[in-house]
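Novice: One structure, pasted below without further comment.
The values are calculated or read from the model by the stated rules, or taken from the named source; none is laboratory data. As the structure is a computational prediction, the values presented were derived from the model and not from experiment. Neighbour counts are summed over all protein chains in view; Cβ atoms, including those assigned to glycine, are modelled from backbone coordinates with ideal geometry. Side chains are part of the model used for accessible areas, which takes the heavy atoms of the whole protein and leaves out ligands, DNA and RNA. Shrake-Rupley method; radii C 1.70, N 1.55, O 1.52, S 1.80 Å.
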Amino acid sequence: MVVAKKETTTTEYDIDRLAYAIAMSETKNCTIWIWVKYNNCFWIKNGWIAPCSRVGKNNMCIYSNPTESYIAFKKIWEKVYKKFPNYTVAKTWTGNDKPAMWLQNVNYYYNKK
């Protein structure tokens, strides 16, 4: 008999701590790679929830400062995900690019702050 593993998640979370944790996990809070130049702490692409006025390589948003990317992230997260991430959310957010590692890092930075 195969028993499905049930994921436990909570809808209660601190959006500011979560934003920081994800920014740290993805771009070391806008301090590495091209994201420094783009001020895009979350690899946000131009889209309908939080459209950006400037777009760079691969449709990535270019912000005037990191705060703008935090504002966009919060709009997206609260509209689409609405909960602390679990493995399923991690797969969706990362495009299934190492979701377990991403989730582990997010949990680490969320609980560290």
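Novice: Can you find a residue that is over 19 Å from Ile49 (Cβ atoms), under 10 Å from the mean Cα position of the chain (by Cα) and among the aromatic types (Phe, Trp, Tyr) anywhere in the range 76-84?
Specialist: The answer is no; no qualifying residue exists.
Novice: OK, next. Is it the case that some residue within the range 76-92 is over 28 Å from Glu12 (Cα atoms) and of a type in the set (Ser, Thr, Tyr)?
Specialist: The answer is no, given that none of the residues of the range 76-92 is over 28 Å from Glu12 (Cα atoms) and of a type in the set (Ser, Thr, Tyr).
Novice: Oh, and also: Cβ-Cβ below 9 Å, separation at least six or inter-chain, first residue in the range 10-36 and under 19 Å from Thr94 (Cα atoms), second acidic (Asp, Glu): which pairs?
Specialist: Here the result reads Ile15/Glu78; Trp35/Glu26, each pair linking the range 10-36 to a residue that is acidic (Asp, Glu).
Novice: Test each condition in (1) farther than 15 Å from Tyr13 by Cβ; (2) open to solvent by less than 50 Å² (accessible area, probe 1.4 Å); (3) without any contact (Cβ under 8 Å) to a residue 60 or more places away in the chain for Gln104 and report the one that comes out false.
Specialist: Of (1) farther than 15 Å from Tyr13 by Cβ; (2) open to solvent by less than 50 Å² (accessible area, probe 1.4 Å); (3) without any contact (Cβ under 8 Å) to a residue 60 or more places away in the chain, only one is false for Gln104: (2).
Novice: If you scan the range 53-84, which residues turn out to be open to solvent by less than 40 Å² (accessible area, probe 1.4 Å) and either among the basic types (Lys, Arg) or in contact with a Gly (Cβ under 6 Å, 6 or more places away or on another chain) (or both)?
Specialist: Correct list: Ile62 only.
Novice: If you don't mind, there's one more thing I want to ask. Which of the helices (runs of 4 or more DSSP H) contained wholly in the range 1-96 include at least 3 residues that are modelled with pLDDT of 95 or more and closer than 23 Å to Asn111 by Cα?
Specialist: It comes to 15-27, 66-76, 87-94.
Novice: Are there any pairs, at least 6 apart or on different chains, whose C-beta atoms fall under 9 Å, with the first in the range 41-62 and under 13 Å from Lys75 (Cα atoms) and the second in a loop (DSSP other than H, G, I, E, B) and among the β-branched types (Val, Ile, Thr), and if so, which?
Specialist: Ala50/Ile44; Cys52/Ile44; Cys52/Ile62
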